[in-house]
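Heads up, the thing below is written out as structure tokens.
Derivation of every value follows stated rules applied to the coordinates shown; laboratory data play no part. If you're wondering where the values come from, they're calculated on a predicted model, not measured in any experiment. Cβ sites come from the backbone with ideal geometry, for glycine too, and all protein chains shown count toward neighbours.
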Amino acid sequence: MAEARTAQALRTAARLGLISAAALAVFAAILLAAGKDPLKAYADTFSYTLANAYGFSELLVRMTPLLLTAVAAALPSRLGLINVGGEGQLYMGAWLASAGAFMFPGLPWWLLLPLVTLLGFLGGAAWAAIPGLLRAARLVNETIATLLLNYVAPLIVSFFIFGPWRAKENSAYPQTSLFPEAARLPSFFDTRVHAGLLVALAALLAYWLLVEKTRWGVSMRAIGGNGEAAQRLGIPVAAWIVIALAVGGGCAGLAGMGEAMGVHGRLRPGLSPGYGFTGFLISWLAGGRPLGILFMAFLFAILTSAGDTLQITQGLPYSVVNILLAMILFIVLARRPARGGAK
Amino acid sequence: MDSPGSTPLLEARGITRRYGTVLANDRVDLSLYGGEVHALLGENGAGKSTLSKILYGFTRPDAGDVLCAGQPARLRSPADARALGIGMVFQNFMLIPALSVLENIALFLTDLAPVIRRKALERRIREYMDRFGLRVDPSAAVRQLTVGDQQKVEILKLLLARARVLIFDEPTKVLAPHEVTALFQVFGALKAEGYAILFITHKLREVVACADRITVLRQGRVTGALDSGRADPDALVALMFGERAGEGRPREAPRPASGARPILELASAGARAAGSETALKDLDLAIGEGEIVGVAGVSGSGQKELGDLILGLRPLSSGAKRILGADASSWSIARMRESGIAFIPEDPLVMAAVPGMSVRENLVLGTGRRYWKGAGLDWPRLESVMGESFKALAFPLPRLDPPMGALSGGNLQRVVIARELAHGPRLVVALYPTRGLDVRSAASVRDLLRRVRDGGSGVLLISEDLDELAELADRLLVMYGGAIAGEFRRGAWQAEQVGHLMTGSGEAAHG
Amino acid sequence: MTTPLALGVLAGAVLSGTSLLYATLGETIVERAGIVNLGLEGILLVGASVGFAAASASGSPWRGLLAAAVAGCLGNLLFGWLVVTRRANQLASGLAMMFFGFGLSALVGAPYVGALITGLPKWRPAWLAAQPWVASTTLFNYDLITWLALPVAVLVWWALFRTRWGLGVRATGESPAAAFASGRDPAVLQYQALAAGGVLGGIAGAHLSLSLTLTWAEYMTGGRGFIAIALVIFSKWNPLRAIAGALLFGGAEALQLQLQARGSDISPFLLEMSPYLLTLLVLLAWGGARRLAAPASLGRTFYGSD
């Protein structure tokens, strides 16, 4: 049994390796066509991220929100739901956590920190529960609903950044005041790696335990595997749809809280460079499997660092790295054997 | 009608077709002449639809020939059939509900201009409408039409595409009585202009009313080919169903009616229908302890809807449902299961199992709260209880780790049965439980249902197999059109009688 | 509402609504063939960036427009290869196209950020310009794309509902099995629909950069692709109704801009939210019912006869 599992894991790793290689090759070609030097870009990325301790720590910083937004997509995917709203749920988590931090600045850290963490979760959960209810009532497809809400959440956050929460001191950047120290997540050594990483890993572990080891996981996987049979066997499908989306959204909310309380210390408009979408990609490519998510999150942390490198060393906008992500998706999609097609 | 000496417009000679182990058509001969209505009669599963698929080019026969106007025809696809002037009106119309009548007809024309000339097309359509009495509004959307009118559109499609042979697959299944009359008038008009009509059905009365010649199929073979003059309903039923009802077979003595409170009661229960479902009307039904109640009927008579109603999947729109006297009309599915209602479906992979999950996990689905243990499940106790269930049923215990979808059909059914029976259900709803099973598996399922009954539970057995029902049912209900057309005690019915009720050609009867 | 504000909103509605209308028309054709392209946002961005880059490089906005149309068409054909030929899941493929559009448009547009171009020339018929109430506004002072918007909508309607090709496309979207049974190849029809839709999508994107803003900025389409998808539903997959929808949403955006320009107290962020919330409301109120109007086979993969 164990050998079969290891062989399977090796095969999957080899497959992912091949896909990544192919994608990198196509991306290199595109960069060449644009007059850039792909080899230098790749080399720079390597030296920036893997070749030194600080660079490695930055990878962990980047991985933290990716793990959480991946779980945000992965949990609902077990029921067959598509949650592409990680971006919006992340922002709303950050928003609600910030609200808590600004409203109770006097609380000691052992009260405030758990409070903002809880609020981060609730903000994302509530934002995801809306499309959840719409889907459970069969009114709106959750893909479109979560996508649209992605555009609304950052605007709500911006409203507060430019309005009630605006930093008193004159600053060139639009941003809020700093959060009270008691609300800040502690960081490790001299890096920017913060306790949010532990939260993210805990969330990944909890996700795995929930889906694989609890009776709730059995119900969820039954819905995802055969919704009609699940319903006929008495599982309350509609309720589960809302719960799964809400809990997933909560994880994305924690990512937002982590970025705000752990990395930046304040709210800024560009809080997330697409973590929500990248998380969805990670979950999708990993098939919702926790180990795969861990691996892909690390891989994507490196890949998205390439985006920064491209920006710094080759003068390309960060967004160009989306081409690489798209290439990976294209290759996986084009390879999938056509099976029972449903929407 | 063409004289017998002339060449048939369409002919099947020695058609044989197998699907796996099932011999759907066994050396079938049929000849269809211009200017006649020829009925192809048989019960469900007799091989009618297979033959029609072959005649229309959907499938190829394993042996035998199809001749068109005397010439051998190579039908590789429906396009070939259409080119030869063979048209088919399906049970499920090949119409696009959202498009108009005109557009649906235009879609299937082979000589349609790039820019559609609506006025000219409409004129052509009206011409055919008037000639054959097929009046519909060309600009109406098909989904707004009654089923009878939709069928007219299907016919017009074929006529405008210059078909000369029209095959109708169970055309009256979905029609109201007056629409059936209208259809037969259309047949008359078409017949008069030399069209050949093949009318596939299981409804005796209609065959007798409109057919010129009749071919009867049973279990893939032609059991009779008659002129309508020599065909009376009894003879036809005998050809369709054969000698049945357990003559010469060891029969159980009729069981006395149980005096105890019924497990399940339906009182004037009704349910709405959506789309192609059958609405249920005013059903009165009681199932007691220790009895098997069988439900016979051709497909589409409402049996599946009845099963879903009992299980809690379908809400009642009128009347009441009671479990052991308690009003269960609005109970959830989970609650129905908890109160001891079990379900054995025809297709467990679709309805009662999750293929991607392991056998072990499938065993715990639908067991409600019984194995809850904190946040997890009491796997050891589940395995023990289920193991007992398998043992009591004399089923081999499968490996529990592999995914459910890896099991063979028979094994899958056994796992589902073991799970459903593990907690001593009060009532087992069995929906076509032996459909698709090999002879041995089917026999053991039947044995099992008997044992369930002998153990004091009630069984609702919905089946299309009259043999099976004769063997097992203590009481037999016949459904037709969403209502109960007849009720019989064991031994008090004959296949003929039930056959009439199933096909709508008998009077409501009891026995 | 005061008259200048009303006229300003109306004028703005037409200007903003143009690219929305073209995008909606393109997606309508594609969805009528049974395919949902969630990556429309990416196609629009590619159209905007390629159009701008080509216009800047060649000095001619017309060349830019042509390049954008071709780019949009190619993008949709790539999407078609994934969903029609490779039979990939339409939702996931659409999202992949979205990412691709994000990145490709950023790459293509990067060298041209801040470039100045001559936009598409605008015309106003003299007799309208002479009217006093018109002269002070931007009403009726439109570029060719805007002038052609209504005729194109009518053309798309005519193609879908009055031609043999359109009948085949619609049949494919309702029931590929029926289309196949009628002797057509659903895959070919879907590719054709995607090509047409891609051209319109490319033009829709180009209109933003070549006429509306005369700039290129990343993500400048701001979710218009998703709003267009909602508009397709809102207009019940009818190109003529799409005109009303595009005007409505264009008006909402124009109103928001006008209010900001007049120093309104309402926060710009709340105003910017309105199109998305409006879209969600529209889907919520009518999406369920509208589903009946959707092409019956929308989003499903077709496997041919078996």
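Label-to-label distance for B:Ser268 and A:Ala29 is 7.4 nm, based on points extended 7 Å past Cα in the beta-carbon direction.
Entry note, segment C:1-143: relative contact order of 30 percent, from Cα contacts under 8 Å with a spacing of 6+ residues.
Ellipticity at 222 nm from helices only: DSSP H runs of n ≥ 4 in chain B, each -39500 (n - 2.57), divided by the residue count, give -9500 deg cm²/dmol.
Looking at chain B, what % of its DSSP beta bridges pair antiparallel, to the nearest 5? If we restrict to bridges inside chain B, about 55 percent are antiparallel. Only Cα pairs under 8 Å and 6+ residues apart enter the sum, and on that basis the relative contact order of segment C:72-161 stands at 17 percent. What you get for segment B:10-241, charging only the Cβ of Lys and Arg (+1) and of Asp and Glu (-1), is a dipole of about 580 debye around the Cα centre.
Rounded to the nearest 500, the 222 nm mean residue ellipticity of chain A from helices alone is -24000 deg cm²/dmol, with -39,500 (n - 2.57) taken per DSSP H run of at least 4 residues.
Shape call for chain A from the C-alpha gyration tensor, a ≥ b ≥ c root eigenvalues: rounded (a/c under 1.5), prolate (a/b greater than b/c) or oblate? Taking the square roots of the gyration eigenvalues as a ≥ b ≥ c, chain A is oblate. A Cβ-based charge dipole, computed about the Cα centre of the protein assembly as shown with Lys and Arg at +1 and Asp and Glu at -1, lands at about 920 debye.
Inter-chain neighbour count for C:178-186: the average number of beta-carbon atoms from partner chains within 10 Å of each residue's beta-carbon is 5.
From its DSSP helices (H runs of at least four residues, each -39,500 (n - 2.57)), chain C gives a residue-normalised ellipticity at 222 nm of -22000 deg cm²/dmol. Of B:Thr201, C:Thr215, the sequence from fewest to most neighbouring Cβ atoms within 10 angstrom is C:Thr215, B:Thr201.
Around the amide H of B:Val28, modelled in the peptide plane, lie the amide H atoms of B:Gly14, B:Ile15, B:Thr16, all under 5 Å away and 5 or more residues distant in sequence or on another chain.
When peptides C:62-68, B:384-390 are ranked by their average number of other Cβ atoms within 10 Å per residue, the highest-first order is C:62-68, B:384-390.
When the listed pairs B:Lys48/B:Lys157; B:Lys304/B:Lys391; B:Lys304/B:Lys373; B:Lys173/B:Lys304; B:Lys53/B:Lys173 are checked against a 26 Å cut-off, the alpha-carbon distance exceeds it for B:Lys304/B:Lys391; B:Lys304/B:Lys373.
Among the residues of C:266-272, the average count of other protein chain beta-carbon atoms within 10 Å of the residue beta-carbon is 5.
Oblate is the label for the protein assembly as shown, because a/c, from the alpha-carbon gyration tensor with a ≥ b ≥ c as root eigenvalues, is 1.5 or above and a/b does not exceed b/c.
Answer rounded, prolate or oblate for segment B:10-241, using the Cα gyration tensor with square roots of eigenvalues a ≥ b ≥ c: rounded when a/c is under 1.5, else prolate when a/b is larger than b/c, else oblate. Cα axes put segment B:10-241 in the prolate bin.
Per residue of peptide B:328-335, the mean number of Cβ atoms on other chains within 10 Å of the residue Cβ is 2. Take every pair of alpha-carbon atoms less than 8 Å apart whose residues are at least six positions apart; their mean separation over the length of chain B yields a relative contact order of 15 percent. Think of the protein assembly as shown as a dipole: +1 on every Lys or Arg Cβ, -1 on every Asp or Glu Cβ, centred on the Cα centre; then among B:Ile15, C:Leu298, B:Pro348, C:Leu298 lies furthest on the positive end.
Look at the dipole of chain C built from charges on Cβ: of C:Trp157, C:Trp127, C:Gly39, the Cα furthest out on the positive end belongs to C:Trp157.
What you get for chain A, charging only the Cβ of Lys and Arg (+1) and of Asp and Glu (-1), is a dipole of about 900 debye around the Cα centre. Antiparallel beta bridges, as assigned by DSSP with both residues in the protein assembly as shown, represent about 55 percent of the total such bridges. Once the Cα atoms are used to define both axes, helix C:90-109 deviates from the longest principal axis of chain C by about 40 degrees. When the charge dipole of segment A:63-306 is built from unit charges on Cβ atoms (+1 for Lys and Arg, -1 for Asp and Glu) and taken about the Cα centre, the candidate among A:Met220, A:Tyr151, A:Met261 whose Cα reaches farthest toward its positive end is A:Met220.
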